[in-house]
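Every read-out reported here was derived from the displayed coordinates using simple, explicitly stated rules and does not represent laboratory data. Please read all numbers here as calculations on a predicted model, not as lab measurements. Here the Cβ positions follow ideal geometry from the backbone for every residue, glycine too, while neighbour counts run over all protein chains shown.
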Amino acid sequence: MNKVLNYINGQFVDPVNDNWLDNYSPADGDIYGHIPDSSKEDVAQAYLAAKEAFPAWSQTTLEARSRLLIKISELLEANLERFAEAESKDNGKPISLARSVDIPRAASNFRFFGNAITQFASESHESVGQHAMNFTLRQPIGVVGCISPWNLPLYLFTWKIAPAIAAGNCIVAKPSEVTPMTAFLLGDICTEAGLPKGVLNIVHGSGHTTGQAIIEHPGIKAISFTGGTTTGAHIAKTAAPMFKKLSLELGGKNPNIIFSDCDYDAMLETTVRSSFANQGQICLCGSRIFVEASIYDRFKTDFVEKVKQLKVGHPSAPDTDIGALVSKSHLEKVAGYIDIAGNEGGTLLCGGHKVTVDGYENGYYFEPTIIEIDSNDCRVNQEEIFGPIVTIMPFEGEKEALKMANAVKYGLSATIWTNNLKRAMSMSNQLQAGIIWINTWMLRDLRTPFGGVKASGVGREGGFEALRFFTQAKNVCIKY
Ligand code: TXE
């Protein structure tokens, strides 16, 4: 049995109350380890370690911080295979994906912010005619909380931790209790890289115990959270009266809008990926596919044919396209939408069933599923399913596409397929989303602002936006 421990003040420790949670392997449904269900006391210890480390860390030179972050990045790269195996086992995602996306991106997060902090600058404002000069100090906040989800475990955990540390803060962090392994392994790497003790403290446990203790802690002055919209609303409600700084990256129900003048083959190939990558468990997946009526039938035939070729299998098999969903409860939630779609008049074009993988009968597998539906105004088109289920619908003209695309409570990302630049720009201006992709999907440049509008959250991560979030602006005015 694997045993995950908390990482506090540079040491691996048991939880104070000796409470433990089971950790399941999605590929076979077995319990393969235990993780702390940390209490307020553990969070308090992590906070004290962070508070103690803060004065020295916040005064560490940018060059030294940068060197350390880049060292962590290098160590992650050197341990890529071990981390990819751990991520795949813990989450159920194909190992090929963990190897090519999750772990390399986690390493990039450290490298990127290690470099970015050396380029981060603040403004100055000369008060002309008043003989005064203003300049802005960008000071670290102190102790900050980072809470991350299970879909891209190390990738999203480090997307918060790297900028927080780079900006001079100390951290109390909690990965998802469903996927704790790679965050646990990261502790060793941080120690080996020479990160001073207390700068990063990792406490494991469920949302309502450990997570709740972090958001309620009066000394933790900022919370960076990625997860479900309901949880985000709860965090906002709890943290707002304490005036904590908040960054909330929440759910999505993203439109994928396909015009007849697109580059068809590239669109088809990318649409398979944007629908089903990571079993559809990415907040950026395009789960509502709107297709211009003139190419709807052609698209429907080709898309169904391609999706039927995707192989559902054990995450460690090299030819697996679709691994296991993250948990039994999530599998049940996703499967439940098939009946919902049926009741709403949806037609199943392919998929729609749980899959039994030989030798792993208790694993959480589900077929990639396409549902044809004739209304945007139904639960399968309004609620975030967060699994391998997409809907397809025809539209006539930009206006109708735009209307349907925007008619959801979410606003994270949108994809447009067209070679008409005017149309692409006009749609980009009017789509209610924080991220627009034109003729591509999930092409990421870490310098760009990342986040959503409406129920998809507040605040932006990425690039200098993240460094701004993890610092306080202080204006200094000098009269001369
Ligand atoms: O997420 P939670 P869940 C969506 C997706 C999914 C749904 C629910 O639709 O089906 O959310 O997933 C911690 N105080 N996304 O329930 O609970 C929790 O321990 C503090 C979209 O797994 O939001 C975990 O570390 N923290 C999303 C983190 O919040 C709390 C990715 C996320 O878990 C807490 C994941 C509390 N009271 C799910 N309660 C995306 N945007 O990518 C829970 N947590």
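For the range 319-337, a tally of residues being touching a strand residue (DSSP E or B) at 6+ places or on another chain (Cβ under 8 Å), of a type outside the set (D, E, K, R) and within 16 Å of the ligand (Cβ to nearest atom) returns 9. Annotation: residue 340 fulfils all but one of (1) without any contact (Cβ under 8 Å) to a residue 24 or more places away in the chain; (2) within 16 Å of the ligand (Cβ to nearest atom); (3) over 26 Å from the mean Cα position of the chain (by Cα); the unmet one is (1).
For the range 337-356, does any single residue satisfy the condition of being under 20 Å from residue 153 (Cα atoms) and of a type outside the set (Asp, Glu)? There is no residue in the range 337-356 that is under 20 Å from residue 153 (Cα atoms) and of a type outside the set (Asp, Glu). Listed by first and then second residue, the pairs with beta-carbon distance under 6 Å, at least 6 apart or on different chains, first residue in the range 403-424 and among the charged types (D, E, K, R), second in a loop (DSSP other than H, G, I, E, B), are 409/455. Meeting the requirement of 3 or more residues that are over 30 Å from residue 314 (Cβ atoms), the strands (runs of 3 or more DSSP E) wholly within the range 1-102 are 6-8, 11-13.
Looking only at residues in the range 423-459 that are over 19 Å from residue 230 (Cα atoms) and basic (Lys, Arg), the one that is farthest from the chain's Cα centre (by Cα) is 423. Go through the residues of the range 354-374 one by one and say whether even a single one is within 13 Å of the ligand (Cβ to nearest atom) and touching a helix residue (DSSP H, G or I) at 6+ places or on another chain (Cβ under 9 Å). Scanning the range 354-374 turns up no residue that is within 13 Å of the ligand (Cβ to nearest atom) and touching a helix residue (DSSP H, G or I) at 6+ places or on another chain (Cβ under 9 Å). The residue that is nearest to residue 141 (Cα to Cα), counting only those in the range 165-189 that are surrounded by 24 or more Cβ atoms within 10 Å (Cβ to Cβ) and more than 16 Å from the ligand (Cβ to nearest atom), is 169. Report whether or not residue 398 is at negative phi and surrounded by fewer than 18 Cβ atoms within 10 Å (Cβ to Cβ). Considered against the rule, which asks whether it is at negative phi and surrounded by fewer than 18 Cβ atoms within 10 Å (Cβ to Cβ), residue 398 comes out as no.
Within the range 114-152, the set of residues being among the aromatic types (Phe, Trp, Tyr) and part of a loop (DSSP other than H, G, I, E, B) comprises 120, 150. Report yes if residue 418 is over 24 Å from residue 383 (Cβ atoms), crowded, with 21+ Cβ neighbours inside 10 Å, touching a Cys at 6+ places or on another chain (Cβ under 8 Å) and among the β-branched types (Val, Ile, Thr), otherwise no. So residue 418 passes the test. Any idea which residue in the range 172-199 is farthest from the chain's Cα centre (by Cα), counting only those that are among the small types (Gly, Ala, Ser) and not in a helix (DSSP H, G or I)? The extreme case among them is 194. Identification of helices (runs of 4 or more DSSP H) wholly contained in the range 208-307 with 2 or more residues that are closer than 30 Å to residue 471 by Cβ and within 10 Å of the ligand (Cβ to nearest atom) yields 212-216, 229-239.
Criterion first (within 16 Å of the ligand (Cβ to nearest atom) and either buried (at least 21 other Cβ atoms within 10 Å of the Cβ) or within 14 Å of the chain's Cα centre (by Cα) (or both)) does residue 161 satisfy it? Yes, satisfied. Pairs meeting the criteria (first residue in the range 105-131 and within 25 Å of residue 478 (Cα to Cα), second residue part of a loop (DSSP other than H, G, I, E, B), beta carbons under 9 Å, at least 6 apart or on different chains) are 120/167; 131/480.
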